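Visitor: Let me begin by handing over the structure; questions about it come next.
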Amino acid sequence: MAIQHKWGMVIDIDRCTGCQACVIACQAENNIPVNEKVDFLSRRAKQWIRIDRFWEGEYPNIKARFIPVLCQHCENAPCEPVCPVFATYHNNEGLNVQVYNRCVGTRYCANNCPYQVRFFNFFNPKFPESLKNQLNPDVTIRSRGIMEKCTFCIQRIRRAERTIEGKEGRVLNDETMRDGNYNPACVSACPTETLTFGDLNNPNSQVVKKSKNKRNYRLLENLGTDPNVIYLKKVDPHHQKEGHHA
Amino acid sequence: MPKKFIWVSLGLGGIFATTTVVLVAIFILQAWWGLPFNVLGWNDPPVQPIAFPHTQHVAVDGISCAFCHRNVLEGDSASVPAVELCVFCHKTIQGDEAPPEIQKVIDHYNNNVPINWEKVHRLPDHVQFSHEPHVRFLTETQGLGLEAACSTCHGQIRDMVEVEQVRRLKMGDCVDCHRNNQHLTENTGITDCTTCHY
């Protein structure tokens, strides 16, 4: 029997420079149409991973803070019980998955998501002619009227499972995932290694080691959603000094 | 008289309408559960640009499926061979029965034009299918030969002059097999939705 994986991610905020490489990688990997200005203005832009920016302090001591936010793959996901057709559920690998062909587009899940990471297709996606040969054949193009969200690049996970575990008979761990480029697109693209992806069931994986760091926290932890995405707080000695003064 | 005429025409119209509705309903229902009835050529195999007889190549010549469909043991798509692969043999084999068809292949090769084969087995966009693990399961775990493994879904290709779809390949078709063989595979999650839908 194959090892039951539990996929998770660690995001080290201290390393994030807000470069948006993960956002671009995600758009390209997952067939997300190009977001235009009008999409952002009407709050219909689709970004499975986004960089939330905060300003801290006042000029001239102002600082920009960045937090990459993607689907937290909550263990107690608020989006799941509200779906009337079971289009979103928790699978045996700890992923919160969205089954596109089951979705009927009630949008209850997006309404119930505290992280605002579910996106509704109000229209059929339009791709410019130059991007049509760039579309990923492993990912369904979502049509009008269904919900979509971050899948932890499940197409890459599935490929890793059938290639590394099935065909080659090797163990799926951090090294084999990285060598075969099976990590999610955002993780592969991140230049500062802010994002780490791996198996939370494997005690030797980087995710488990990093998640034990004392800087760890989860987004909106008080809601009790128990996310599988763990954040590491920003290290800011300067900030601590100021706090000491006050 | 006019009154009787109205009743007769109403009755006939009613019978006609009912029959039409019933026929359409039968057609839609059985097409939903299986392949559609072969009425007016709805279920005919697609016409290929070059008459390629699998009977000759598989049954008579005994070429393995994976010789032409090279990617079937490696990846997602079984892949249709490049024209070069056809010409690899047909440079010397001119054939006794259908030289004009073979000449078409040679022409495609000389003009650098790919052959637009018609796709026979189509899956919807929201279904992801990979040949490799299925062939691996059928040959290694079930112990079938390669041709028998392919025939599990594609039927007796060696007897088909024009290849047609024999299994419905609807979700029930896939899930039946996945449920029955769940205990035999290493991956216990093969009935999870995200096995195929992502």
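Visitor: Determine the sum of side-chain charges near B:Glu74: Lys and Arg each +1, Asp and Glu each -1, restricted to other residues whose C-beta is under 14 angstrom from that of B:Glu74.
Guide: Around B:Glu74, the surrounding residues sum to +2.
Visitor: Next up: How far is the Cα center of the range A:191-206 from the Cα center of the range A:67-95, in Å?
Guide: Rounded to whole Å, the Cα centres lie 20 Å apart.
Visitor: As a test of reading the structure, rank A:Ser205, B:Ser151, A:Ser42 by solvent-accessible area (1.4 Å probe, protein chains only), most first.
Guide: Putting A:Ser205, B:Ser151, A:Ser42 in descending order of accessible area: A:Ser42, B:Ser151, A:Ser205.
Visitor: Further question: In degrees between 0 and 90, to the nearest 10, how far off the longest principal axis of chain B does helix B:99-110 point, with axes built from Cα atoms?
Guide: Approximately 70 degrees, to the nearest 10.
Visitor: Among the DSSP beta bridges whose two residues both lie in the range A:7-245, what percent are antiparallel, rounded to the nearest 5?
Guide: Working: 20 of 24 bridges.
Percent antiparallel among DSSP bridges in the range A:7-245 is about 85.
Visitor: Hey, rough spin-label estimate for B:His69 and B:Ile26, points 7 angstrom out along Cα→Cβ, what's it come to in nanometres?
Guide: It works out to 3.5 nm between the two label points.
Visitor: Here is a further query. Restricting to DSSP loop positions (anything but H, G, I, E, B) with no more than 13 other Cβ atoms inside 10 Å of their own Cβ, which trypsin sites (Lys or Arg not before Pro) remain in the range A:158-197?
Guide: A:Arg170
Visitor: Then there is this: Suppose all protein chains stay in the model; what accessible area per residue would a 1.4 Å probe give for the protein assembly as shown, in Å²?
Guide: Numbers: 26130 Å² over 444 residues.
Using a 1.4 Å probe on heavy atoms only, each residue of the protein assembly as shown averages 59 Å².
Visitor: Okay, moving on. Over the Cα atoms of the protein assembly as shown, what Rg and Dmax result, in angstrom?
Guide: Radius of gyration, then largest Cα-Cα span, for the protein assembly as shown: 28.0, 108 Å.
Visitor: OK, next. Just the number, please: carbon plus sulfur as a percent of the accessible area of the range A:7-245, 1.4 Å probe, no ligands or DNA/RNA counted.
Guide: That fraction is 51 percent.
Visitor: Could you rank the peptides A:79-86, B:20-27 by their average count of other C-beta atoms within 10 Å per residue, with the highest value first?
Guide: A:79-86, B:20-27
Visitor: Also, I was wondering about something else. Please compute the Cα-Cα pair-distance distribution of chain B with 10 Å bins starting at 0, giving whole percents from short to long.
Guide: Going from the shortest bin to the longest, the percentages are 7, 25, 27, 19, 11, 6, 4, 1, 0.
Visitor: Short version: which residues of the range B:156-198 lose at least 50 Å² of accessible area, all chains versus chain alone, 1.4 Å probe?
Guide: Flagged in the range B:156-198: B:Glu186, B:Thr188, B:Asp192, B:Cys193, B:Thr194, B:Tyr198.
Visitor: I need the trypsin sites (Lys or Arg not before Pro) found in the range B:119-173, filtered to DSSP loop residues with at most 11 other beta carbons within 10 Å of theirs. All intermediate terms of the calculation are to be shown ahead of the outcome.
Guide: Numbers: sites: B:Lys119, B:Arg122, B:Arg136, B:Arg158, B:Arg167, B:Arg168, B:Lys170; in loops: B:Lys119, B:Arg122, B:Arg167, B:Arg168, B:Lys170.
Here the sparse-neighbourhood loop sites are B:Lys119, B:Arg122.
Visitor: Counting each DSSP H run of 4 or more residues in chain A as -39500 (n - 2.57), what helix-only mean residue ellipticity at 222 nm follows after dividing by all residues, to the nearest 500 deg cm²/dmol?
Guide: Numbers: 8 runs with 52 residues, N = 246.
Calculated mean residue ellipticity at 222 nm is -5000 deg cm²/dmol.
Visitor: Follow-up question, since we're still on this one. Shielding by partners for B:133-144, please: the mean number of other protein chain Cβ atoms within 10 Å of each residue's Cβ.
Guide: On the way: counts 6, 1, 0, 3, 1, 0, 0, 1, 0, 0, 0, 0.
Mean partner-chain Cβ count within 10 Å for B:133-144: 1.
Visitor: What is the mean projected area of the alpha carbon convex hull for the range A:7-245, to one decimal in square nanometres?
Guide: The directionally averaged projection comes out at 15.2 nm².
Visitor: Which of the cysteines in chain A are isolated, no other cysteine C-beta under 4.7 Å?
Guide: A:Cys16, A:Cys19, A:Cys26, A:Cys74, A:Cys83, A:Cys103, A:Cys113, A:Cys153, A:Cys190
Visitor: If R₀ is 60 angstrom, what is the calculated FRET efficiency for the pair B:Ile50 and A:Asn76, using the beta carbon separation as r and rounding to 0.05? Before the final figure, lay out each step's value.
Guide: Details: r = 58 Å, r/R0 = 0.97.
So the FRET efficiency works out to roughly 0.55.
Visitor: What's the average, rounded to a whole number, of partner chain beta-carbon atoms within 10 Å of each residue's beta-carbon in B:112-125?
Guide: For this peptide, the per-residue mean of nearby foreign Cβ atoms is 1.
Visitor: Can I ask one more? As I understand it, the value is the acute angle between the Cα axis of helix B:2-33 and the longest principal axis of the Cα atoms of chain B; what does it come to in degrees, rounded to 10?
Guide: 20 degrees
Visitor: Please work out the C-alpha center-to-center distance from the range A:112-135 to the range B:120-156 and express it in whole Å.
Guide: So the two Cα centres are separated by 32 Å.
Visitor: Please compute the average number of Cβ atoms from other chains found within 10 Å of each residue's Cβ in peptide A:162-168.
Guide: Details: counts 7, 5, 0, 2, 9, 6, 0.
Neighbouring Cβ atoms belonging to other protein chains average 4 per residue here.
Visitor: Which of the pairs B:Lys91/B:Lys119; A:Lys6/A:Lys132; A:Lys46/A:Lys233 have their Cα atoms more than 28 Å apart in this structure?
Guide: Beyond 28 Å: A:Lys6/A:Lys132.
Visitor: Using only Cα atoms, locate the centre of the range A:4-52 and the centre of the range B:38-102, then give the distance between them in Å, rounded to an integer.
Guide: The distance from the Cα centre of the range A:4-52 to that of the range B:38-102 comes to 45 Å.
The values are calculated or read from the model by the stated rules, or taken from the named source; none is laboratory data. Just so you know, these numbers come straight off a predicted model, no measurement behind them. Cβ coordinates were reconstructed from backbone atoms using ideal geometry, including for glycine residues, and neighbour counts include every protein chain displayed. Please note that ligands, DNA and RNA were not included when accessible areas were found on the heavy atoms of the full protein model with its side chains. Shrake-Rupley method; radii C 1.70, N 1.55, O 1.52, S 1.80 Å.
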